[in-house]
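The next block holds one structure in the form of structure tokens; read it before the comments.
The values are calculated or read from the model by the stated rules, or taken from the named source; none is laboratory data. These numbers come from a predicted model, not from an experiment. In this analysis, Cβ positions are derived from the backbone assuming ideal geometry, glycine residues included, and neighbour counts consider all displayed protein chains. Side chains included, ligands, DNA and RNA excluded: accessible areas come from the protein's heavy atoms. Shrake-Rupley method; radii C 1.70, N 1.55, O 1.52, S 1.80 Å.
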Amino acid sequence: MKVAVAGCCHGALDKMYETLELLQRRHNVRPDLLLCCGDFQAVRNEADLRCMAVPAKYRHMQTFYRYYSGEKKAPVLTVFIGGNHEASNHLQELPYGGWVAPNIYYLGYAGVVRFRGVRIGGISGIFKSHDYRKGHFECPPYNQQTIRSAYHVRNIEVFKLKQLKHPIDIFMSHDWPRSIYHYGNKKQLLKMKSFFRQEVESNTLGSPAASELLQHLKPTYWFSAHLHVKFAAFMQHQTNSEEDLPKATKFLALDKCLPHRDFLQIIDIEHDPSAGDSLEYDAEWIAVLKATNSLLNVTQSSWNMPEKNGLHAKWDYSVTEEAIKEVLEELNHNLKIPCNFTLTAACYDPNKPQKHMEPVHTINPQTTEFCARFGLTDINDRIQQAKEESSVRGDYEEEEEEEDMDSTGSAEEPSEYNTDNSGLSSINPDEIMLDDEGADEDLSTCSVDPSPDHPPDFSASFSDIRIMPDSMAVSSDDAMDSTNEELEKSGVSKQVEEKSLNERPLKRIGGNENGNSGIKKIKRRNQAIYAAEDEDKTE
């Protein structure tokens, strides 16, 4: 089947889908699935804009709300992960994943699903070591700290994914796995983005958590975005024994969704012809969620995941075939994800703007149903309970400031990763980069609807589907001689270019409502999207 992969969408859904439709008209190529690697920006209304970590000047509504309201429907099944520029309050409603609009599915903090027999996994957010060992404690309305920490990757999600044993076909992360640039054309990358050199040479560019997952999961494909540059790599994994077959991962990072940018890729993926066309749960992933449910943490207290280090009675939470079988029996072998999308917030009305709309902490009925079905804890419900209990004791604020021992009593254990790139004085490898071409770009153009009488002009820069250019192949000085050949055979060989186009009580939704120094330089990487003159406070 044909899978389209997009980089940072930044809310420009109309532009993305128009590109796919043009692809079909001109080349008779129709993707069966669209994957988006973060910064999706599922913004429903003005309150959602207030929960997005961008300068106020650039909080544009864009076009997602039209798909949320039902005015439009995604023409192809779309699966996405979260990035670091999201309506965090909206995505937080779906920690285990769910529909943000008809035919548009969010994978959650971390998740694995299946489509036509292809196993697709992903992890949302970006890595920051100072938040990595905390629980998911944030909830709207956010403050200046939590509006950012809300999208930081947590160790619990990495731990869950590391319990998987069955092969993964496709995996998505927003930021790149650390060290992946050593397996691609590093010279070309540094030619395009010379300010990456310090981090590349010191091997600090990207996420160490994602790198750990890459080495553990060894997926056939790994897609990322975040740095707004296209880059391909081919990583040959070491085998654990002579009996193991060699495994390799084809990595591809995508550019952002803007005019003149190569933000979309088409790949051919082997699939199960007998499988249906519905998005499905993954039985092993559901079993892992059930097995790790007791590890849930909704506090700011730092803690480490169980390890075989003498401090934990249990450290292996991988699941048996029997446990997977039990999940299948619970579902009567019907793994189809229900199409149970529900509106949980008012939709933006251009004729009746509500600039002072405030975000509220909402429990999404999709999450309620999912947790009830599989016996899981609703993270948002637990957060609210913790806040209410702490308020009664009068110690909530005090607890927020403490760094207590982790839930397993191992307060002195070091973090898995002790390198925090946010402290670099030059640029922040976990953030959107600063580049020269961003000076005259305006994201607001992405949300302009094309006139029926004057359709967008793609022709000037739209290219035929073609083999990946040599610039995206692996150079001989960085990897084995056969890597270029492997990339050409990999299926990551089709590309499309286009031109044109504070605090409130918990709100439960159902059928009815019931009731420092060095940092200033780091933020400059955001200016590829958010103007250079803004002295904003984004990371």
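Looking at LYS247 and the list (1) modelled with pLDDT under 95; (2) closer than 25 Å to PHE80 by Cα, which single condition is not satisfied?
Only one criterion is unmet by LYS247, namely (2).
Consider segment 75-92. How many of its residues are out of contact with any His (no Cβ under 9 Å at 6 or more places or on another chain) and either modelled with pLDDT under 95 or not polar (S, T, N, Q) (or both)?
Residues flagged as out of contact with any His (no Cβ under 9 Å at 6 or more places or on another chain) and either modelled with pLDDT under 95 or not polar (S, T, N, Q) (or both) within segment 75-92 amount to 9.
What do you reckon, is VAL327 of a type in the set (Val, Ile, Thr) and within 25 Å of the chain's Cα centre (by Cα)?
Answer is no for this residue.
I'd like the full set of residues that are more than 21 Å from TYR109 (Cβ to Cβ), open to solvent by 20 Å² or more (accessible area, probe 1.4 Å) and of a type in the set (D, E, K, R), limited to segment 157-194.
Correct list: LYS186, LYS187, LYS191.
Among the residues of segment 174-187, is any of a type in the set (S, T, N, Q), assigned to a helix (DSSP H, G or I) and over 30 Å from TYR96 (Cβ atoms)?
no
Output yes when any residue across segment 29-43 is more than 23 Å from ALA253 (Cα to Cα), among the hydrophobic types (A, V, I, L, M, F, W, C) and either modelled with pLDDT under 95 or open to solvent by less than 10 Å² (accessible area, probe 1.4 Å) (or both), and no when none is.
Checked against the condition, which is being more than 23 Å from ALA253 (Cα to Cα), among the hydrophobic types (A, V, I, L, M, F, W, C) and either modelled with pLDDT under 95 or open to solvent by less than 10 Å² (accessible area, probe 1.4 Å) (or both), segment 29-43 yields at least one hit.
Out of (1) part of a loop (DSSP other than H, G, I, E, B); (2) at pLDDT 95 or above; (3) not small (Gly, Ala, Ser), what's the single condition that is false for TYR417?
Every listed condition holds for TYR417 apart from (2).
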